[in-house]
Amino acid sequence: MKLSLTILSAALGISAATSANPSSIRASSKVGQSVLSKARRLQNDDNVEIDYTWVANMSLKFQGCYHSQVWNDEANGEDDVRISTQRLVRFRLCPTDSCSMSSPAGCTSKYGDYVIDMETYLQAYFEGVQQDQEYQCRYEEEYGDCVCNGENQGDDYNEEICKYECFMGKGMEYCIDKNPYEEEGEKKEDWNVREYAECKQYQFQNNNNRNLEEEAKYYVGAYCSENGGNIYLGLFTDDSCSQFADSYGGADTFATLSYGTSLPYSDTTMIGTECFSCKETQQANENNANDAADADNVKDSCEQLYQSAGKCEANLGNSSPDNEACNFMEGIKIYRKNGKIVRGAESSNTTASIFIGLFACSFVLLGGYAYYLKTKLDRAKVNLSDM
């Protein structure tokens, strides 16, 4: 089964923004980048295997994303971008039995907060989504409504059409590899979204079927929306996916060079707001040779994310929390007010509002006092002229 454009249900996310709190560690700082670089470290000096079994009872909840400008150490050519974009994702592990899809936070107790680079997060997320969907497709084919075995069917029975209509009727387009109603040559380009979790060169074809890469090179990659709540695909002109091809995230340029074809996920987020269970499906436990040996019932994707992420487990409630990244996350705080996204630090916004209010009041008072003085002087001039 292919991971096509239809595998992900998009929904609006929430915001992550920078904080002006002086005690926080900014993501673009050397200290902040050091936190991420050390995230894969062993948590003890004896190389004892760490117990991850508790993660099976947790669900992953996307919290938001963040981007900052950093110096590109790999830039060595004239055309290389010297200032590249660093993209991070913040997520939360919530107890599965209390994780809420409708709540932006997911949960309010017994949770851990984590931060990781966007590429790693997307790769793991897509892997987990694909694993779940393969299980759902297999279950429907063997035990559900899409058992198309030809029994009690007419002479015009077609297994491929039977499965297609069943899965489409259930909204499970991701189970379909091929549309049996399409004529040969009509099939559209099949996008493997996982390939573009990282910045990757994209090759356009012109009418003469000649690669346009000889004239210009373009790259497709994921990026964070301005409000930090969504992750989109964009078209870029550099191999670090820092320079958009146009002011619309590269979407217009992509449509022009592909003769009207829209760039997938250019206006729809790639990440949903669901609570993504970290417990392996039964099928995965039985058939996944790469994960069968650990016997911990934890999805590979969740285990990889947990091992690689910077951690802030002050609210997790376990005996040995890892809080090394707590100060770092203060630099990408998330605020919600009346269901709306609020960028930046709430305390800073309040302070700024107070100063603006005081300034406005002072300006009005000074203006009134100036008018009072002018009126008094005018009256004095009138009195002198009458003498």
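The values are calculated or read from the model by the stated rules, or taken from the named source; none is laboratory data. This one's a predicted model, so the numbers in the text were calculated from it and none came from an experiment. Positions of Cβ are backbone-derived with ideal geometry, glycine not excepted, and every protein chain shown enters the neighbour counts. The accessibility values were calculated without ligands, DNA or RNA, using every heavy atom of the protein model including side chains. Shrake-Rupley method; radii C 1.70, N 1.55, O 1.52, S 1.80 Å.
In region 226-240, the residue that is least open to solvent (accessible area, probe 1.4 Å) out of those that are under 18 Å from T120 (Cα atoms) and of a type in the set (S, T, N, Q) is N230. The residue that is modelled with the highest pLDDT, counting only those in region 204-214 that are more than 12 Å from L235 (Cβ to Cβ) and surrounded by 10 or more Cβ atoms within 10 Å (Cβ to Cβ), is Q205.
For F91, the test of being surrounded by 15 or more Cβ atoms within 10 Å (Cβ to Cβ) and assigned to a strand (DSSP E or B) is passed.
In region 101-115, the qualifying residues are those that are part of a loop (DSSP other than H, G, I, E, B) and under 18 Å from the mean Cα position of the chain (by Cα), and the one that is surrounded by the fewest Cβ atoms within 10 Å (Cβ to Cβ) is S102.
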